[in-house]
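Q: Structure in structure tokens, see below.
The values are calculated or read from the model by the stated rules, or taken from the named source; none is laboratory data. Quick caveat, the model's predicted, so the values are computed rather than measured. Using ideal geometry, Cβ is built from the backbone for each residue, glycine included, and neighbour counts are taken over all protein chains shown. Protein only, heavy atoms only, side chains kept; ligands, DNA and RNA dropped before computing areas. Shrake-Rupley method; radii C 1.70, N 1.55, O 1.52, S 1.80 Å.
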Amino acid sequence: MSKPDQLLVDVATLVESGQSNQMSLTVVTSGAVITGRLAPEAVWRQRVSEVLTDSARLGEFSAIFTATTPQEGPPTHLHFHVARILQGTVGIPETGGMYRVSIADVSAWTVGDFSYSDH
């Protein structure tokens, strides 16, 4: 979207306010379909930092996710946790991942997450 959808910005703003991390959303961005729950950016960054800290090879990157300060103004990104990229009948990764998506790059969205079948 050349101009971000204000309704989507409003959803992201409410999530960022810390009201809930239970908002399920599915977005289409650059041809990919991502489905999952939104989290406030600070919570998302903390979780990514924890995962990196636990990694023998990637631990040195963990600090950059907790070192930044919150931005002023409306959110510019959606922060998905327990999310999957849908590809055919498969959700990748199976256990859910952490994705950061620019709101400006979302071409379509819907409330709720899509189920998938791995059969």
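Q: Taking H as built 1.01 Å from N, whose amide H comes closer than 5 Å to the amide H of M23, not counting residues under 5 places away?
A: Excluding prolines and chain starts, which carry no amide H, the hits are L38.
Q: Which one, P93, P40, P75, has the greatest fluctuation when you compute a Gaussian network model over the chain with C-alpha springs under 10 angstrom?
A: Between P93, P40, P75, it is P93 that shows the largest mean-square fluctuation.
Q: What does the extension gain come out to for T76 and V9, with contour length at 0.36 nm per residue minus their alpha carbon separation?
A: Details: separation 67, 0.36 × 67 = 24.12 nm, distance 0.76 nm.
Residue separation times 0.36 nm, minus the Cα-Cα distance, leaves 23.4 nm.
Q: Go through the range 89-104 residue by residue and turn each phi into a ³J(HN,Hα) via Karplus (6.51, -1.76, 1.60, θ = phi - 60°); whole Hz please, and just put x for glycine and proline.
A: For the range 89-104, the Karplus-derived couplings read 9, 10, x, 10, x, 4, 8, x, x, 10, 10, 10, 10, 5, 4, 5 Hz, x marking Gly and Pro.
Q: What 222 nm value per residue comes from the helices of the chain, counting each DSSP H run with n ≥ 4 as -39,500 (n - 2.57) and dividing by all residues, nearest 500 deg cm²/dmol? Don't jump to the answer; show the numbers that get you there.
A: Values: 3 runs with 29 residues, N = 119.
-7000 deg cm²/dmol, from helical runs alone.
Q: Could I ask something else about it? Would you mind calculating the gained length between V51 and T66 on full extension (0.36 nm times residue separation, minus the Cα-Cα distance), in nm to one decimal?
A: Values: separation 15, 0.36 × 15 = 5.40 nm, distance 1.22 nm.
Extra length available between V51 and T66 comes to 4.2 nm.
Q: Right, here's the next one. Work out from phi, with θ = phi - 60° and the Karplus expression 6.51 cos²θ - 1.76 cosθ + 1.60, the ³J(HN,Hα) of each residue of the range 43-60, listed in order in whole Hz, and give x for Gly and Pro.
A: 5, 4, 4, 4, 5, 4, 4, 4, 5, 5, 4, 6, 8, 5, 9, 10, x, 5
Q: In terms of modelled amide H atoms, which long-range or inter-chain residues lie less than 5 Å from the amide H of H77?
A: The list, which skips near neighbours in sequence, is I103.
Q: Set Lys and Arg Cβ to +1 and Asp and Glu Cβ to -1, take the dipole of the range 1-116 about its Cα centre, and tell me which of I64, T29, G88 lies farthest positive.
A: Positive-end residue among those listed: G88.
Q: Can you give me the % of accessible surface on the range 42-119 that is carbon or sulfur? Probe 1.4 Å, all protein chains present, nothing else counted.
A: Values: 2930 of 5210 Å².
With neighbouring chains kept in place, the figure for the range 42-119 is 56 percent.
Q: To continue, here is another question. Along the range 35-42, what does the Karplus equation 6.51 cos²θ - 1.76 cosθ + 1.60 (θ = phi - 60°) give for ³J(HN,Hα), rounded to whole Hz, x for Gly and Pro?
A: Result, ordered by residue: 9, x, 9, 8, 10, x, 4, 4 Hz.
Q: Right, something else. Report the extension gain between S20 and V90 in nm, rounded to one decimal, defined as 0.36 nm multiplied by the number of residues separating them, less their alpha carbon distance.
A: That pair, S20 and V90, stretches by 22.5 nm at full extension.
Q: Which GluC sites (Glu not before Pro) in the range 31-91 pass both tests, a DSSP loop state and at most 15 other beta-carbon atoms within 10 Å?
A: Numbers: sites: E41, E50, E60, E72; in loops: E72.
Those satisfying the criteria are E72.
Q: Under a Cβ-Cβ cut-off of 14 Å, what is the net charge of the residues other than W44 that fall near it, where Lys and Arg count +1 and Asp and Glu count -1?
A: Working: positive: R37, R45, R47, R100; negative: E16, E41, E50.
Counting the neighbours of W44, the net charge comes to +1.
Q: Turning to a different aspect of this structure: How much area per residue is accessible in the chain when the probe is 1.4 Å and only protein heavy atoms are counted (Å²)? Working shown, then result.
A: Working: 7300 Å² over 119 residues.
Using a 1.4 Å probe on heavy atoms only, each residue of the chain averages 61 Å².
Q: List the trypsin sites (Lys or Arg not before Pro) within the range 4-108 that DSSP assigns to loop and that have no more than 10 neighbouring Cβ atoms inside 10 Å. Before the final figure, lay out each step's value.
A: Values: sites: R37, R45, R47, R57, R84, R100; in loops: R57.
In loop regions of the range 4-108 (DSSP not H, G, I, E or B), the sparsely surrounded trypsin sites (Lys or Arg not before Pro) are R57.
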